[in-house]
Amino acid sequence: METSAIRILGIDPGLRRTGWGVIDIDGNRLIYVGCGSVESRETLPLAERLLAIHEGLARVLGDFRPLEAAVEQTFVNKDGASTLKLGQARGVAMLAPAMFGIAVAEYAPNQVKKTVVGAGHADKNQIRVMLGVLLPKANPKTPDAADALAIAITHAHHRQSVMLKLRVAGA
């Protein structure tokens with residue numbers, strides 16, 4: 001039996017914990033595949049922490065073989081050093097799928113919330129409730145994994161326009 005399902009990897013980048021969530025989209029159906037997080041030890045030097053994130057995401061990519069990926073855009077906070085480190089983790093989160101030849105879409109946090117909950121300023125609890133509705137078999141153990149699933153759902157809803165833009169930009 002041939003399936004038309006498209007596998008999507010959502011990534012919520014973080015230096016301490018990078019969440020990942022994998023869903024299949026088959027027509028209008030969203031199907032939960034898996035989720036988790038990649039952790040790096042705070043005691044390690046920055047380069048080793050980034051390597052741990054990369055290796056963890058590479059394992060996820062190898063295990064689940066997604067066709068498309070999406071990453072949450074970084075928000076700027078008051079602490080410049082923290083923002084820079086988060087940006088580096090985000091760079092690794094974008095690099096890993098790119099190394100597998102997978103295009104990476106980016107979504108603002110408010111767009112993710114608006115897509116999943118219907119409001120751009122939803123809290124984490126509202127996101128978890130909607131994940132239970134949209135992906136009843138999902139049981140993310142961490143907020144990062146839940147956010148990654150929300151990012152994957154956002155891409156599932158917006159992927160055709162985003163993938164068209166990526167193709168046009170690459171042409």
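The values are calculated or read from the model by the stated rules, or taken from the named source; none is laboratory data. Fair warning: this is a prediction, and the values are worked out from it, not measured in the lab. Every residue, glycine as well, gets a Cβ built from its backbone with ideal geometry; the counts of neighbours run over all protein chains shown. Ligands, DNA and RNA are stripped out before the accessible areas are found, and what is left, the full protein with its side chains, is counted by its heavy atoms. Shrake-Rupley method; radii C 1.70, N 1.55, O 1.52, S 1.80 Å.
Please list, ordered by residue number, the strands (runs of 3 or more DSSP E) wholly in the stretch 1-76 having 2 or more residues that are open to solvent by 50 Å² or more (accessible area, probe 1.4 Å).
The strands (runs of 3 or more DSSP E) meeting that bar are 29-39.
Out of the residues in the stretch 67-87 meeting the condition of being free of Cβ contacts under 8 Å to residues at least 24 places away in the same chain and out of contact with any helix residue (DSSP H, G or I) (no Cβ under 9 Å at 6 or more places or on another chain), tell me which one is nearest to residue 26 (Cα to Cα).
Initially, the stretch 67-87 is screened for residues free of Cβ contacts under 8 Å to residues at least 24 places away in the same chain, giving 76-84, 87.
Applying the additional criterion that residues be out of contact with any helix residue (DSSP H, G or I) (no Cβ under 9 Å at 6 or more places or on another chain) yields 78-84, 87.
On the way: 78: 41, 79: 41, 80: 41, 81: 41, 82: 38, 83: 36, 84: 37, 87: 32 Å.
Across the stretch 67-87, the extreme among qualifying residues is 87.
State the number of residues belonging to the stretch 104-127 that are part of a loop (DSSP other than H, G, I, E, B) and open to solvent by less than 40 Å² (accessible area, probe 1.4 Å).
3
How do the pairs read when you match residues in the stretch 36-47 that are more than 20 Å from residue 152 (Cβ to Cβ) and without any contact (Cβ under 8 Å) to a residue 60 or more places away in the chain with residues anywhere that are among the aliphatic types (A, V, I, L, M) and surrounded by fewer than 19 Cβ atoms within 10 Å (Cβ to Cβ), using Cβ under 7 Å and keeping only pairs 6 or more apart or on different chains?
Hits for this filter: 40/52.
In the stretch 82-103, how many are among the charged types (D, E, K, R) and surrounded by 20 or more Cβ atoms within 10 Å (Cβ to Cβ)?
Total meeting the criteria: 1.
Pairs under 6 Å by beta carbon, first residue without any contact (Cβ under 8 Å) to a residue 40 or more places away in the chain and among the acidic types (Asp, Glu) in the stretch 7-33, partner open to solvent by 10 Å² or more (accessible area, probe 1.4 Å) and part of a strand (DSSP E or B), six or more apart or different chains?
24/7; 24/31; 24/33
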